[in-house]
Every structure is written in C-alpha cells, then in structure tokens.
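Down below is the structure, laid out as structure tokens.
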Amino acid sequence: MALFPPSPGGGSQVGYGHKGKGVLIHLLIEEHGHPIGASTTSAAGDEKKEVEQLVNKVRLRCWSGQKIVLEADKGYDSWEVRQKLLKKKILPIIPYKRNRKDKVDLSEVCKTFSVVRKRWKVERTIAWIKRKFRRLMLRWERRHDTWYAFVQLALISYWLSLLLR
C-alpha cells in the first residue's frame, strides 16, 4: 500500500504522478497492522516493481504451516507480480483494475484459502502515520536520503511506542 505526500519543494526522486508532484511511501504491514518495512519512490514510479523489492528486503518467513498473505491496492495489479509472489509462497490478494478482462473473484479465492481480508489495518496504519508524523505529509527535504531517514524514524518511533507500553 502506498501513501502519497506531495512535494512542493522538488528535489531528488520527486516525480509527476496522477495526483501531482510528489513521492510515494510503500508500506509492508504484518497481520496486526504494525509496519515492518517501508520504501520510497517517485510518484511517477512503477508500484509493481516496488512490491518485489520490498518483500525481498523484509524476508518474510512462514511459521508452522501459516500462510503469508500480501494484500495490496489496485496499483499493484499485474500477473507478473502475482506469479512472483506465488513462487515465493505468498498469497496475493490484490483487487483487479477496472479494465481487466480476465478477472477472478477474490471472495472465492479468500473462501478457498480461508483468508480474511484485512485492508482496513493498512489504512489504519497509514492514518496513524499521517496523524503522528505530519512532517511526512509534505516533503520539504530536497535530498532523498534525508527524506527516507524521516520515514525510517517514523517506523522506529512506532515500534518504540509499542515496546514501551
């Protein structure tokens, strides 16, 4: 799932996407809604390529017969992404774009593999990041490494708040 902060200041890795000039923050979230990985790309970047890199960076593991399910939005829809995730034994629950002719009913897939869709947890985590780290909602830093450091700092702060409860 990606979060779009606009970037009026410009800088490195800022591009023109369909929402305007900015960047995308891609989040990988575990089953309870806690972020386990993040990456940033230009708004004009290809979201489909970012899925594989983010999954490789996190190194997902399956514990004693549990299924690994990756739920994403329509921006990540492609057969190549689905095939690569299935080869890594990750079940992709990605809605199809409106113009696809070869759609499969996702409710049947979820029923067959006894998977419950939990996209609201991703939305909740993004809302938490927007509320807690307002600095990430507009990218004023011109250098990408500074911007990415703020994203990583947000994840570290999230996990520290959980550990210190």
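Annotation: peptides 130-136, 89-95, ranked by per-residue average of other Cβ atoms within 10 Å with the highest first, follow the order 89-95, 130-136. When restricted to Cα atoms, the range 2-163 yields an Rg and a Dmax of 16.3, 48 Å, respectively. Highest mean packing comes first when the peptides 107-115, 68-76, 31-39 are listed by Cβ atoms within 10 Å, giving 68-76, 31-39, 107-115.
Taking K and R as +1 and D and E as -1, what net charge do the other residues with C-beta under 13 Å from the C-beta of residue 46 add up to?
Details: positive: 48, 49; negative: 47, 50, 52, 77, 80.
After counting each charged neighbour, the total is -3.
The amide H of residue 91, built 1.01 Å from its N in the peptide plane, has 68, 69, 70 as neighbours under 5 Å, considering only residues 5 or more places off or on other chains.
Read-outs: derived from the displayed coordinates by stated rules, not from any lab. Every value quoted in this text rests on a predicted model; they were computed, and no experiment measured them. A quick note on method: Cβ atoms are made from the backbone with ideal geometry, for glycine too, and the neighbour counts reach across all protein chains shown.
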